[in-house]
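Every number in this text was worked out from the coordinates using simple rules, so none of it is lab data. Keep in mind that this is a model prediction, so the values were computed, not measured. Note that each Cβ is placed from the backbone with ideal geometry, even for glycine, and that neighbours are counted across all protein chains shown.
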Amino acid sequence: MVACGAVACPVDGQSACCWDEYDFNDPPQGECVSGSDANDNCATELSANGQPGFESRIECQLPENCPAGTVCCGDLTQTQNGSWYPLLRCAATCTYPAQRVLCDPQAPDCPVIDTGSGAVQTTCNPSTLLPDGYNICRP
């Protein structure tokens, strides 16, 4: 289960949380969805007219939601109109700056990343783009 605003959603099979950080789409702000990310009605990508959907499909929240050897990784999209995570999922690798590792503040295990100016140890901090209870490793 992952936190999804006022609800908690299962993340087994093709279930996930769909989070609308900016309340850009129809309510509710957080809801449980099922199906593949292509047909779950979670507006994670740019629409046909180029408008971002700004919704996040959340398949993991903490490292413990992922199998051993993987991390909970968020794909970060940044535009002039705002930033959001179209997809949070378990992955073998998570590459900065296009992706961010999600972490547990009680047991932070954040990676050292190359920022282009050298290696930097990231730290576990609350996310400003995801529901309460989500933490991101940041430089």
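Would the range 115-136 turn up any residue that is crowded, with 19+ Cβ neighbours inside 10 Å, among the aliphatic types (A, V, I, L, M), touching a helix residue (DSSP H, G or I) at 6+ places or on another chain (Cβ under 9 Å) and touching a residue at least 24 places away in the same chain (Cβ under 8 Å)? The answer is no, given that none of the residues of the range 115-136 is crowded, with 19+ Cβ neighbours inside 10 Å, among the aliphatic types (A, V, I, L, M), touching a helix residue (DSSP H, G or I) at 6+ places or on another chain (Cβ under 9 Å) and touching a residue at least 24 places away in the same chain (Cβ under 8 Å). Does the range 49-56 contain any residue that is more than 15 Å from the chain's Cα centre (by Cα), buried (at least 19 other Cβ atoms within 10 Å of the Cβ) and more than 30 Å from S117 (Cα to Cα)? Checked against the condition, which is being more than 15 Å from the chain's Cα centre (by Cα), buried (at least 19 other Cβ atoms within 10 Å of the Cβ) and more than 30 Å from S117 (Cα to Cα), the range 49-56 yields at least one hit. Look at (1) part of a loop (DSSP other than H, G, I, E, B); (2) surrounded by 19 or more Cβ atoms within 10 Å (Cβ to Cβ); (3) without any contact (Cβ under 8 Å) to a residue 60 or more places away in the chain and you find that L88 fails only one, number (1).
In the set P63, P27, only one residue is loosely packed, with under 15 Cβ neighbours inside 10 Å and more than 12 Å from the chain's Cα centre (by Cα); that residue is P27. Take C73 and tell me if it is under 15 Å from the mean Cα position of the chain (by Cα), free of Cβ contacts under 8 Å to residues at least 40 places away in the same chain and more than 18 Å from D20 (Cβ to Cβ). Here the answer is yes, as C73 does meet what is asked. Scan the range 99-121 residue by residue and report those that are in a loop (DSSP other than H, G, I, E, B), over 22 Å from P67 (Cα atoms) and either in contact with a Lys or Arg (Cβ under 9 Å, 6 or more places away or on another chain) or not polar (S, T, N, Q) (or both). Hits for the range 99-121 are G116, G118.
Whenever a residue of the range 91-112 is free of Cβ contacts under 8 Å to residues at least 24 places away in the same chain and over 16 Å from Q61 (Cβ atoms), its partners that are in a loop (DSSP other than H, G, I, E, B) and among the small types (G, A, S), lying with C-beta atoms within less than 9 angstrom and at least six residues away or across chains, give the pairs A92/G69; P97/G116. Only residues that are in a strand (DSSP E or B) and more than 20 Å from N41 (Cα to Cα) were counted in the range 58-85, giving 6. Regarding T95, is this residue more than 23 Å from D40 (Cβ to Cβ) and either part of a loop (DSSP other than H, G, I, E, B) or of a type outside the set (F, W, Y) (or both)? For T95, the condition - more than 23 Å from D40 (Cβ to Cβ) and either part of a loop (DSSP other than H, G, I, E, B) or of a type outside the set (F, W, Y) (or both) - is met.
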